[in-house]
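Novice: Okay, handing you the structure first.
The values are calculated or read from the model by the stated rules, or taken from the named source; none is laboratory data. Computed from a prediction, not measured in an experiment: that's the story for all the values here. All Cβ positions, even for glycine, are placed from backbone atoms using ideal geometry, and neighbour counts span all protein chains on display. Calculation scope for accessible area: heavy atoms of the full protein, side chains included, ligands and nucleic acids excluded. Shrake-Rupley method; radii C 1.70, N 1.55, O 1.52, S 1.80 Å.
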Amino acid sequence: MMQRNNIEIRVCMGTGGVASGGTEVLAAFRQEVAASGIAASVKEHCSTHQVGCRGLCAKDVLVDVAIDDEKVTYQFIKPDMVPRIVKEHLLENKPVDEWRVGEDYDRFNQKQIKVVLADCGRIDPEEIDAYIAIGGYEAARDVLNNWYPEEVITEIKQSGLRGRGGAGFPTGLKWELGKKAPGDVKYIICNADEGDPGAFMDRAVIEGNPHSVIEGMLIGAYAICAHHGYVYIRAEYPLAVERLKRALTQARERGFLGNRLFGSNFDFDIKVKLGAGAFVCGEETALIASIEGQRGMPRPKPPFPVNKGLWQRPTVINNVETLANIPAIIRKGCGWYASYGTEKSRGTKVFALTGKIRNPGLIEVPMGITLREIVEDIGGGIAGGKALKAVQTGGPSGGCIPASMLDLNVDYESLARVGSIVGSGGMIVLDEDNCMVNMAQYFVKFTQEESCGKCVPCRVGTKRLLEILERITKGQGREDDIERLETLSGGIRNMSLCGLGQTAPNPVLSTIKYFREEYEAHIRDKKCPSKVCKALLVYSIDEKLCKACGSCLRACPAKAITGEKKVPHKIDQAKCVKCGSCFDVCKFKSVMRD
Amino acid sequence: MVSLTINNKKVSVPEDLTILEAASRNGIKVPTLCHHPQLTPFGGCRLCVVSVKGMPKPVASCTTTVSEGMEVTTSTPEIEDLRKLVLELILSDHPNDCMTCEATGSCALQELAYAYGVRGEAYPGERRVYAKRDGNPFIERDMEKCILCGRCVKVCDEVQGVEALDFTYRGFRSKICPSYEDDLDCEFCGQCVSVCPTGALTGKQWARRGRYEGVREVDTTCPYCGTGCTLTTHVKGNEIVRVSSKPWTPNEGWLCVKGRFGYKYVSSPDRLTKPLIRRASGEFEETSWTAALEYTAAWFKKIREKHSADAIGGLSSARCTNEENYLFQKFMRAGVGTNNVDHCARL
């Protein structure tokens, strides 16, 4: 047996990895490695452990086998594949090439720059020692012993870091306001109530590297002189909650939370508050109300939380990703961080790249990268050879950017200029099969259901917005509906109490702006150009092409198709429920959809 | 003090005032549905938006405090359009059955719809439909008329300290309910009824008794306890059809269940309106106050002569004022000559 210094086997076990069977794969590796007796031959370190999400969940279970400096990554690993990897790769030093990740995995990573996600996928998120081994808590130790709070604030200000939760408020400035706000009791809150459909950045960070968030909070608390912290996290993230709680316990055991931290005079501890699934609780004043035990309803601003927040005390609220950036900025310096990104949008941003993309997943890119690089290089282009239609960013508060603007830089200013937002980092890729009216309807339905009900424009206005969109997609749109949508949207945007309502019309306005012709086709021609809106579709059978094979007849759940052998089949429009089963099963392309 | 201009008028107000309060103190009216001067600001109806120079969007005047040099305009064509839109939206989800609504004539929504000429037809759509059910004897809750202004929730919490109501559900289905959507089971003080700007909350016993035609308002003092709240009885013919109270009274307009709903005894046939003396036959005989008091005094004297003054005791009532209670104990001690005097509140 060969002599090796180090062997490390890392099994992807974020929520995606666990769902794909990561737990079983890890168990299989542990068993096989133990049975092989290989550990005895390793000089320094041999470990098999879980890691958080490394981004490309679509290829889970991903496994790294690192022998000394040589790392091989395997994809789609199942427990029964483990013995062969252990035998051939570990014992015989012949990696199993056919199971290795392909070129697209490298392409996926090539243009990414990982700061927040740097150690997700590398370290065991449930072991504080793994975090300490890579320099974890050193930034906090240094700050608490050698820095003045003002110096921390200056450092963060100079790094150019802006809030990653959506609004993009400069983090250093927020801390400065928090520091200056008078009061002997202050709070720092980590907002982990990630709620945008298709967004999972914060979940991945907490699942993959919870200590980085805790350390970031600790540094932030020191900067603003807060001794109490809260993490407000969704109860629907069980794994993240579990790992966060475990990390907090471990940090407390090591004396990284509690009294007189790192030998200084500074006290700080963190409580976890579980959110009960209200999207609006991501809005900071609603979040505060929820922690206080009230119904999650936004309060008017001003006063801003930084002056009157939790229990009326000065409170700084930062997003998970914002806080996870902090330790790295302190360790490597503000200049290093500010060297990434654009003039006004510094650093990197994590996006959840989803939709009709070949390689969906979690990515971290420098601000200012073009949409094209994200979609074509990192994402590998559109799946199934279809044409890109638009990229939706910013979730229900964001907008759709048409394919013609693919060379747009992704940063706060550029996205705002075209009517969308960076938001918390949702990025949904849409192809020619996506109907933009339907898309707008989906997001408005979401915000309408999640409206807290406090103010009229949001509670009733989004309902009326939704009803107009619904009738358009049903072919009942009226000639002046586009203007009606625009007027109503303008009112909701100007009159709503909080960000949820103020941004709710964005998906409607941006799709009208760039895809007006699709609205017009629905309203005037009663056609859905993307063939999505069911009510507008008509299925029929081309008698010349029909071979009367009977497969559509059997597939039809509504018994709407009639026909006999050698007689072309027919669809009874009155019975047709427009499910598309006939269209899908016909081998001769004789079923037409209009 | 802070100086600002409202509609180009220079005003000077205390610095913790909201724009709405500053405007109202200077005689400038800003429409609102959710604001109530005795409750904390809510900011839900958005009708009170005003334009402030330098602010990118209209601001809610009920929740924005004044600041030095602020330039406020309470009415511009854009602001009025936005207000109209909000009213359109509220009325699009309202029964609009003013003909039979108990609140007609004293409904803030109706007044604003009238002032703005809004009928609620611009954005037609689904309306909330709720089955009527509420097993309590006092408060009618017609939630279809509720505009979710939150006043009832606030008054119940901030004034009464009972918290019987709160917001439930989300989005269009948002609704104000007691816990678990049970029937209302509270003190029934009716403060919620008194602050409701629409016909969503009304008194059950007021129904169909008369709205404003031929109804007179008569201010009087509540006879139930020594607090002596000022009541306004709404009288039609010679019958009280409902009771309210005005905010500038010593009780600031707030009442309890007895004062607000317990007025039926006034016209009860069982009510004693004249003194009666039971004669030897056992029959009650109507008499005058002088005769009745003389009769009672004579008996007290007889008892005192035969059994001493300590054979007599006096029990006073919480319905009396302090002064009346003072007089009563003085009467017992100095007049009757005993210290046997007590008060029902000690029982």
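Novice: Quick one: count up the residues across the stretch A:421-450 that are among the small types (Gly, Ala, Ser) and surrounded by fewer than 24 Cβ atoms within 10 Å (Cβ to Cβ).
Specialist: Step one: filter the stretch A:421-450 for residues among the small types (Gly, Ala, Ser), giving A:423-426, A:440.
Next, from what is left, pick out any that are surrounded by fewer than 24 Cβ atoms within 10 Å (Cβ to Cβ): none.
Going through the stretch A:421-450 one residue at a time, the tally reaches 0.
Novice: Let me ask something else. B:Cys34 passes all but one of (1) surrounded by 17 or more Cβ atoms within 10 Å (Cβ to Cβ); (2) modelled with pLDDT under 95; which number fails?
Specialist: Among (1) surrounded by 17 or more Cβ atoms within 10 Å (Cβ to Cβ); (2) modelled with pLDDT under 95, B:Cys34 violates only (2).
Novice: Could I ask something else about it? Within 10 Å of chain B (Cβ to nearest Cβ) and outside any helix (DSSP H, G or I) - does that describe any residue in the stretch A:436-451?
Specialist: Looking through the stretch A:436-451, at least one residue is within 10 Å of chain B (Cβ to nearest Cβ) and outside any helix (DSSP H, G or I).
Novice: Give the number of residues within the stretch A:467-482 that are open to solvent by less than 10 Å² (accessible area, probe 1.4 Å) and either closer than 25 Å to A:Lys301 by Cα or within 11 Å of chain B (Cβ to nearest Cβ) (or both).
Specialist: 1
Novice: From A:Ala558, A:Ala521, A:Ala535, which residue is assigned to a loop (DSSP other than H, G, I, E, B), open to solvent by less than 80 Å² (accessible area, probe 1.4 Å) and farther than 16 Å from A:Met592 by Cβ?
Specialist: The unique qualifying residue is A:Ala558.
Novice: Hey, can you tell me all the residues within the stretch A:483-513 that are more than 11 Å from every other protein chain (Cβ to nearest Cβ), open to solvent by 10 Å² or more (accessible area, probe 1.4 Å) and farther than 25 Å from A:Lys301 by Cα?
Specialist: Within the stretch A:483-513, A:Glu483, A:Glu486, A:Leu509, A:Lys513 meet the criteria.
Novice: Exactly one condition in (1) in contact (Cβ under 8 Å) with a residue 24 or more places away in the chain; (2) away from chain B (no Cβ under 14 Å) is not met by A:Arg417; state its number.
Specialist: (1)
Novice: Just for the stretch B:283-292: of the residues that are touching a residue at least 12 places away in the same chain (Cβ under 8 Å) and open to solvent by 80 Å² or more (accessible area, probe 1.4 Å), which one is nearest to the chain's Cα centre (by Cα)?
Specialist: Going through the stretch B:283-292, the residues touching a residue at least 12 places away in the same chain (Cβ under 8 Å) turn out to be B:286-289, B:291-292.
Then keep just the ones that are open to solvent by 80 Å² or more (accessible area, probe 1.4 Å); that gives B:286, B:289.
Details: B:Glu286: 39, B:Trp289: 36 Å.
Only one residue fits best here, namely B:Trp289.
Novice: In the stretch B:166-195, which residues are away from chain A (no Cβ under 14 Å) and either of a type in the set (Gly, Ala, Ser) or open to solvent by 30 Å² or more (accessible area, probe 1.4 Å) (or both)?
Specialist: B:Tyr180, B:Glu181, B:Asp182, B:Asp183, B:Asp185, B:Cys186, B:Glu187, B:Gly190, B:Ser194
Quick grid of which residues meet (1) assigned to a loop (DSSP other than H, G, I, E, B); (2) within 20 Å of the chain's Cα centre (by Cα); (3) under 29 Å from A:Arg313 (Cβ atoms):
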position	(1), (2), (3)
A:Asn109	no, yes, no
A:Tyr131	no, no, no
A:Gly135	yes, no, no
A:Asn145	no, no, yes
A:Ile156	no, no, yes
A:Gly166	yes, yes, yes
A:Cys190	no, yes, yes
A:Ala199	yes, yes, no
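Novice: Continuing with the same structure: Spot the failing condition for A:Pro396; the list is (1) surrounded by fewer than 24 Cβ atoms within 10 Å (Cβ to Cβ); (2) under 30 Å from B:Leu87 (Cα atoms); (3) within 14 Å of chain B (Cβ to nearest Cβ), and only one is missed.
Specialist: Of (1) surrounded by fewer than 24 Cβ atoms within 10 Å (Cβ to Cβ); (2) under 30 Å from B:Leu87 (Cα atoms); (3) within 14 Å of chain B (Cβ to nearest Cβ), only one is false for A:Pro396: (1).
Novice: If I ask for residues that are in contact with a Pro (Cβ under 8 Å, 6 or more places away or on another chain) and closer than 16 Å to A:Asp124 by Cα, which ones from the stretch A:14-29 would you list?
Specialist: Step one: filter the stretch A:14-29 for residues in contact with a Pro (Cβ under 8 Å, 6 or more places away or on another chain), giving A:21, A:24-25, A:27-28.
Passing the criteria: A:Val25, A:Ala27.
Novice: Can I ask one more? Taking the conditions exactly as written (at pLDDT 95 or above and surrounded by fewer than 22 Cβ atoms within 10 Å (Cβ to Cβ)), does A:Asn409 satisfy them or not? It would help to see each step written out before you state the result.
Specialist: On the way: at pLDDT 95 or above: yes; surrounded by fewer than 22 Cβ atoms within 10 Å (Cβ to Cβ): yes.
It is true that A:Asn409 is at pLDDT 95 or above and surrounded by fewer than 22 Cβ atoms within 10 Å (Cβ to Cβ).
Novice: When you look at B:Gly120, is it outside any helix (DSSP H, G or I), of a type outside the set (Ser, Thr, Tyr) and open to solvent by 20 Å² or more (accessible area, probe 1.4 Å), yes or no? Steps first, please.
Specialist: Values: outside any helix (DSSP H, G or I): yes; of a type outside the set (Ser, Thr, Tyr): yes; open to solvent by 20 Å² or more (accessible area, probe 1.4 Å): no.
Here the answer is no, as B:Gly120 does not meet what is asked.
Novice: Moving to a separate point now. Report whether or not A:Asp377 is touching a Lys or Arg at 6+ places or on another chain (Cβ under 6 Å), open to solvent by 10 Å² or more (accessible area, probe 1.4 Å), farther than 30 Å from B:Thr168 by Cβ and away from chain B (no Cβ under 14 Å).
Specialist: Criteria met by A:Asp377.
Novice: Would you check if there is a residue in the stretch A:310-326 being farther than 19 Å from A:Ala118 by Cβ, part of a loop (DSSP other than H, G, I, E, B) and either open to solvent by 20 Å² or more (accessible area, probe 1.4 Å) or within 14 Å of chain B (Cβ to nearest Cβ) (or both)?
Specialist: yes
Novice: Let me ask something else. Find all pairs meeting these conditions: Cβ atoms under 8 angstrom apart; at least six residues apart or on different chains; first residue within the stretch A:468-482 and farther than 18 Å from A:Val538 by Cα; second residue among the polar types (S, T, N, Q).
Specialist: Close Cβ pairs (under 8 Å, with a partner that is among the polar types (S, T, N, Q)) amount to A:Leu469/A:Gln441; A:Glu470/A:Gln441.
Novice: Based on this model, can you work out whether B:Val218 counts as away from chain A (no Cβ under 13 Å) and not in a loop (DSSP other than H, G, I, E, B)? Outline the logic, then answer.
Specialist: Details: away from chain A (no Cβ under 13 Å): yes; not in a loop (DSSP other than H, G, I, E, B): yes.
Answer is yes for this residue.
Novice: Moving on. Is it the case that the stretch A:445-465 has a residue that's in contact with a Phe, Trp or Tyr (Cβ under 6 Å, 6 or more places away or on another chain) and closer than 18 Å to A:Gly166 by Cβ?
Specialist: Looking for residues that are in contact with a Phe, Trp or Tyr (Cβ under 6 Å, 6 or more places away or on another chain) and closer than 18 Å to A:Gly166 by Cβ, one finds at least one in the stretch A:445-465, hence yes.
Novice: Hey, another quick one. Collect the residues in the stretch B:249-282 that are aromatic (Phe, Trp, Tyr), more than 13 Å from the chain's Cα centre (by Cα) and under 15 Å from B:Gly228 (Cα atoms), keeping them in residue-number order. Give the derivation first.
Specialist: Residues of the stretch B:249-282 that are aromatic (Phe, Trp, Tyr), as a first pass: B:254, B:261, B:263, B:265.
Checking the rest, the ones that are also more than 13 Å from the chain's Cα centre (by Cα) come to B:263, B:265.
Passing the criteria: only B:Tyr263.
Novice: Among the helices (runs of 4 or more DSSP H) confined wholly to the stretch B:1-117, which include 1 or more residues that are away from chain A (no Cβ under 12 Å) and within 27 Å of B:Cys156 (Cα to Cα)? I'd like the intermediate steps shown before the answer.
Specialist: Details: elements: B:19-25, B:77-92, B:108-116.
The helices (runs of 4 or more DSSP H) meeting that bar are B:19-25, B:108-116.
Novice: Determine whether A:Met427 is without any contact (Cβ under 8 Å) to a residue 60 or more places away in the chain and closer than 30 Å to A:Thr171 by Cβ.
Specialist: For A:Met427, the condition - without any contact (Cβ under 8 Å) to a residue 60 or more places away in the chain and closer than 30 Å to A:Thr171 by Cβ - is not met.
Novice: Residue check: is B:Thr74 touching a residue at least 12 places away in the same chain (Cβ under 8 Å) and either of a type in the set (Lys, Arg) or closer than 21 Å to A:Cys455 by Cα (or both)?
Specialist: Details: touching a residue at least 12 places away in the same chain (Cβ under 8 Å): yes; either of a type in the set (Lys, Arg) or closer than 21 Å to A:Cys455 by Cα (or both): yes.
Taking the combined requirement at face value, the residue satisfies it.
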